[in-house]
1. Could you tell me whether the range 161-173 includes any residue that is assigned to a helix (DSSP H, G or I) and surrounded by fewer than 15 Cβ atoms within 10 Å (Cβ to Cβ)?
2. Give me the residue from the range 88-101 that is open to solvent by 20 Å² or more (accessible area, probe 1.4 Å) and either in a strand (DSSP E or B) or touching a residue at least 12 places away in the same chain (Cβ under 8 Å) (or both) and, out of that set, nearest to Arg242 (Cα to Cα).
3. Looking at Thr85, Thr54, Thr104, which is the one that is farther than 19 Å from Arg371 by Cβ, open to solvent by less than 60 Å² (accessible area, probe 1.4 Å) and assigned to a helix (DSSP H, G or I)?
4. Take Glu382 and tell me if it is touching a strand residue (DSSP E or B) at 6+ places or on another chain (Cβ under 6 Å) and among the charged types (D, E, K, R).
5. Just checking, does the range 312-319 include any residue being open to solvent by 70 Å² or more (accessible area, probe 1.4 Å), assigned to a helix (DSSP H, G or I), charged (D, E, K, R) and over 18 Å from Ile424 (Cα atoms)?
6. Go through the range 139-182 and report how many residues are under 25 Å from Thr104 (Cβ atoms), out of contact with any helix residue (DSSP H, G or I) (no Cβ under 9 Å at 6 or more places or on another chain) and of a type in the set (Gly, Ala, Ser).
7. Just to be sure, is Phe391 among the aromatic types (Phe, Trp, Tyr), open to solvent by less than 80 Å² (accessible area, probe 1.4 Å) and under 24 Å from Lys293 (Cβ atoms)?
Amino acid sequence: MSNKTPFKHKFAYYSLRAFFLSLSFLPYSWIHKLGWVLGSLTYFLAPKKLKKITYNNLALAKRLNLSEKQIKKIARESFQNLVITGLEYFRLKSSRKKFNRFVTGHNLGPCQELLDSGQGIILVTGHISNWEVGFLHFTQTHTAYAIGKPIKNLRLYDYIKSIREMHGGTIIEMSKAISKGIEVLKKGQIFSMLNDQSFTSSSYSFPFFGARAWTSSSPALLSYRSRSPIIFATTTRLKGGRYEYTMSDPIFPNRNNPIKKEVPRLMDEVMKGLEAHITKHPGQWLWQHKRWKQEGFHRVYPEYKADSILFILPQNKQLFDQVQQGMKVLPQIYRRSFLTFMVPKKYRDTFDIGEKYECLYYSDETDLLVRDYRFQLIFDFERNPKIRKHFLKLGGHRSFNLDDLVSKLPEDEKKPLDIRHLFIRVLCLPDTPFQS
């Protein structure tokens, strides 16, 4: 490592090594208990924004159908899982060649048969429990490659990389993933990928837990082009400091189908498998990252960006008509975001924003104060301070009423008020194109 390494990176590296040195002598069962305690503390002390992202995700996972109590319980377990994974990471080095003592693999036969025949395999997994242990266990006896994403602290990254490669596995840079992946598969080896994070530039999406999630289709593209099967692996943390991981049966590409049809089919199979496992062990998944991130924010100012947005329409008839007319531009501003509209019941038959959006109906303030953690951004045109406070205590990150938006307009544009113009002028970056 060159002397140009920033001091703060050196300090962080040596501090972490010193801190985790004592952990390297503890049994995994003790580390898990310590992680459970520290994870609970981390959950209660975590920044509000991070906790709200976790709540947003759990509420957006419609198929889990979680109550508020369950959302908070799983959120806490997810923080515990994250801390346990971090604590035991540096313990892994001292377990070199000893993984059989606490890690068990299941359904490895089909994978072994393919490798014995010289067939390369694309191994897909997600951020479930400690996602490293399966790769480390398998590379005790097999050649495998995985993608690594460097961090700014290169000294620390080199150490982390040495842990991931300690049994003979190889970590390759993300920029070389496709070319190296094809090369590895042609040699009849394993190419491993983490594939459960948001990838908004992808053309492929899956209704993950019932909500659209943009996902990289790289595993399926590699599978189709290299004629290699996909196997997805899921890891579970057990009591007593043990782990088990399970490999699925191979999913083979059908080269008789066109690539545009086959890639979504392959990816759907992978995502269904990951979703099924997370459903069984929701507290062992990384709920802290924005899994349901949507694209389209390049045209919106940062303070108005959000993936799940609530619009509350007013009871006043004149203002309601005005707001409803202006809202017709919202699908152009938020092209992919999840939009929900709370509409007065008396206007139910006259409100029309399109079938693809969710509409809820209210009669009074009680109906508005729903315990829903999905909404990250709230536009309250009823102008009720209690509503703003309510949603910001749940999953809301920011809230704006009509007065907040109007205050952003120049004086000569405030009267007469044009809601469509207000949305375009205040929410959107200059020169954003719009249809009439």
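1. Residues of the range 161-173 assigned to a helix (DSSP H, G or I): 161-164.
Adding the requirement that they be surrounded by fewer than 15 Cβ atoms within 10 Å (Cβ to Cβ) leaves 162.
Yes; the residues of the range 161-173 include at least one that is assigned to a helix (DSSP H, G or I) and surrounded by fewer than 15 Cβ atoms within 10 Å (Cβ to Cβ).
2. Asn100
3. Values: Thr54 fails: farther than 19 Å from Arg371 by Cβ; Thr104 fails: assigned to a helix (DSSP H, G or I).
So the residue among Thr85, Thr54, Thr104 that is farther than 19 Å from Arg371 by Cβ, open to solvent by less than 60 Å² (accessible area, probe 1.4 Å) and assigned to a helix (DSSP H, G or I) is Thr85.
4. Working: touching a strand residue (DSSP E or B) at 6+ places or on another chain (Cβ under 6 Å): yes; among the charged types (D, E, K, R): yes.
Judged against the criteria, Glu382 is a match.
5. Initial filter on the range 312-319 (open to solvent by 70 Å² or more (accessible area, probe 1.4 Å)): 316-318.
From the residues that got through so far, the ones that are assigned to a helix (DSSP H, G or I) too are 317-318.
Of the ones still in play, those that are also charged (D, E, K, R) are 317.
From what is left, the residues that are over 18 Å from Ile424 (Cα atoms) are 317.
Within the range 312-319, one or more residues are open to solvent by 70 Å² or more (accessible area, probe 1.4 Å), assigned to a helix (DSSP H, G or I), charged (D, E, K, R) and over 18 Å from Ile424 (Cα atoms).
6. 1
7. Working: among the aromatic types (Phe, Trp, Tyr): yes; open to solvent by less than 80 Å² (accessible area, probe 1.4 Å): yes; under 24 Å from Lys293 (Cβ atoms): yes.
Criteria met by Phe391.
Residue-by-condition table, conditions (1) under 22 Å from the mean Cα position of the chain (by Cα); (2) under 30 Å from Leu238 (Cα atoms); (3) not in a helix (DSSP H, G or I):
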| site | (1), (2), (3) |
| --- | --- |
| Lys8 | no, no, no |
| Phe11 | no, no, no |
| Tyr14 | no, no, no |
| Phe19 | no, yes, no |
| Ser29 | no, yes, no |
| Ser40 | yes, yes, no |
| Tyr43 | yes, yes, no |
| Leu50 | yes, yes, no |
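The values are calculated or read from the model by the stated rules, or taken from the named source; none is laboratory data. Every value quoted in this text rests on a predicted model; they were computed, and no experiment measured them. Every residue, glycine as well, gets a Cβ built from its backbone with ideal geometry; the counts of neighbours run over all protein chains shown. All accessible areas refer to the heavy atoms of the entire protein, side chains included, with ligands and DNA or RNA removed. Shrake-Rupley method; radii C 1.70, N 1.55, O 1.52, S 1.80 Å.
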